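Asks: Next up is a structure, given as structure tokens.
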Amino acid sequence: MNSLQETCIETIRCVGSRLENLDFHNRRMHATRQMLFGAEDFLDLRELIQIPVLLTSHVYKCRVSYRSEIEAIEWEPYTKRQIRSLKVIKDDSINYPFKRKQRNDLDKIYSQRENYDDVLIVRHGYLTDTYVCNLALSDGDTWLTPAEPLLKGTQREYLLQKGVIQTAHLHIKDLHKFTDIRLFNAMMPWDDAITIPVSQIYL
């Protein structure tokens with residue numbers, strides 16, 4: 001299959017039978033369908049997703065697979081990943097601007113993590129993302145997120161809009177200026193994100 005025709009996905013957090021950040025998922029899906037598949041119509045996830053009977057005490061992952069049209073909507077209980085250490089992997093050729101179902105290039109990078117829990121991907125000397133998370137660094141006062149991540153996640157866009165984080169060009173050489181790194185994505189919003197000390201990042 002041509003890479004431009006590969007299936008894309010939206011991963012949506014569902015808590016208490018409520019889907020979170022749908023406006024941001026709608027906007028990204030619409031932009032992706034336009035750019036990759038030439039679709040001009042707007043598909044509203046609020047109208048397309050029927051929430052099944054779920055345990056209200058659980059967090060669920062709703063995965064929407066699509067190209068020009070919706071291909072599948074799948075549900076599964078969500079288990080938060082445990083990440084306590086990061087291995088820096090440098091790759092100047094990595095490119096992941098769309099949330100695709102196939103992640104072969106990212107999988108290759110992730111396989112290089114050795115005995116560490118996850119990877120911190122550096123492109124041309126600048127921090128981007130981990131394997132499945134956007135990130136922010138704290139200098140004790142402000143949380144800064146890479147200006148050029150691999151993927152502009154929906155939670156990242158939400159946090160930028162709310163002013164919780166700010167963008168900056170974060171060079172690997174500047175890591176010593178920060179105390180903590182926080183990892184977040186659609187399934188791990190800010191208040192439930194993973195925070196580890198910068199000392200747990202290994203070159």
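The values are calculated or read from the model by the stated rules, or taken from the named source; none is laboratory data. All figures in this text were calculated on a predicted structure; none of them were measured in a lab. Cβ coordinates were reconstructed from backbone atoms using ideal geometry, including for glycine residues, and neighbour counts include every protein chain displayed. For accessibility, only protein heavy atoms count, side chains too; no ligands or nucleic acids. Shrake-Rupley method; radii C 1.70, N 1.55, O 1.52, S 1.80 Å.
Asks: For a Förster distance of 22 Å, can you work out the FRET efficiency between the beta-carbons of H58 and R27, rounded to the nearest 0.05?
Replies: About 0.20, to the nearest 0.05.
Asks: At most 12 other C-beta atoms within 10 Å and a DSSP loop state: those are the exposed GluC sites (Glu not before Pro) I care about. Give me the longest piece of the chain that has none.
Replies: 115-203
Asks: Let me ask something additional. Set the Förster radius R0 to 25 Å, insert the Cβ-Cβ distance between H169 and N115 as r into 1/(1 + (r/R0)^6), and round the FRET efficiency to 0.05.
Replies: Rounded to the nearest 0.05, the efficiency is 0.25.
Asks: Let me ask you something else. Go through T7, T179, T79 and list them by solvent-accessible area, largest first, probe radius 1.4 Å.
Replies: T79, T179, T7
Asks: For the stretch 47-120, just the Cα atoms, rotate onto the principal axes and tell me the three extents in Å, largest first.
Replies: Between the extreme Cα coordinates on each principal axis of the stretch 47-120 lie 42, 34, 14 Å.
Asks: Within the accessible area of the chain, what % is carbon and sulfur when the probe is 1.4 Å and the other protein chains stay in place?
Replies: Numbers: 4750 of 10590 Å².
Carbon and sulfur together cover 45 percent of it.
Asks: How much net charge surrounds R33 when only the other residues with a Cβ under 10 Å from the Cβ of R33 are counted, with Lys and Arg +1 and Asp and Glu -1?
Replies: -1
Asks: PRE reach from I51 (point 7 Å along Cα→Cβ): which of the stretch 1-43 fall under 14 Å by backbone N?
Replies: 12-23
Asks: With springs connecting C-alpha atoms under 10 Å apart, model the chain as a Gaussian network and identify which of N26, N95, N134 has the largest mean-square fluctuation.
Replies: Greatest mean-square fluctuation among the candidates belongs to N95.
Asks: Around N115, with a cut-off of 15 angstrom between Cβ atoms, what is the net charge of the other residues, counting Lys and Arg +1 and Asp and Glu -1?
Replies: Neighbour charge sum, excluding N115 itself: 0.
Asks: Counting pairs of alpha carbon atoms under 8 Å apart in space and at least six apart in sequence, what relative contact order in percent does the stretch 1-115 give? Mind showing how you got there, number by number?
Replies: Values: 130 pairs, mean separation 36.6, N = 115.
Once divided by the residue count of the stretch 1-115, the mean separation gives 32 percent.
Asks: Here is a follow-up. Keeping all protein chains in place and using 1.4 angstrom, which order do K90, K99, K80 fall into by accessible surface area, from largest down?
Replies: Most to least solvent-accessible, the answer reads K90, K80, K99.
Asks: Count charges around K61 for me, please; just the other residues with Cβ under 10 Å from its Cβ, Lys/Arg as +1, Asp/Glu as -1.
Replies: Every neighbour counted, the sum reads 0.
Asks: Roll a 1.4 Å probe over the protein chains and send me the accessible area per residue for the stretch 39-170 in Å².
Replies: 55 Å²
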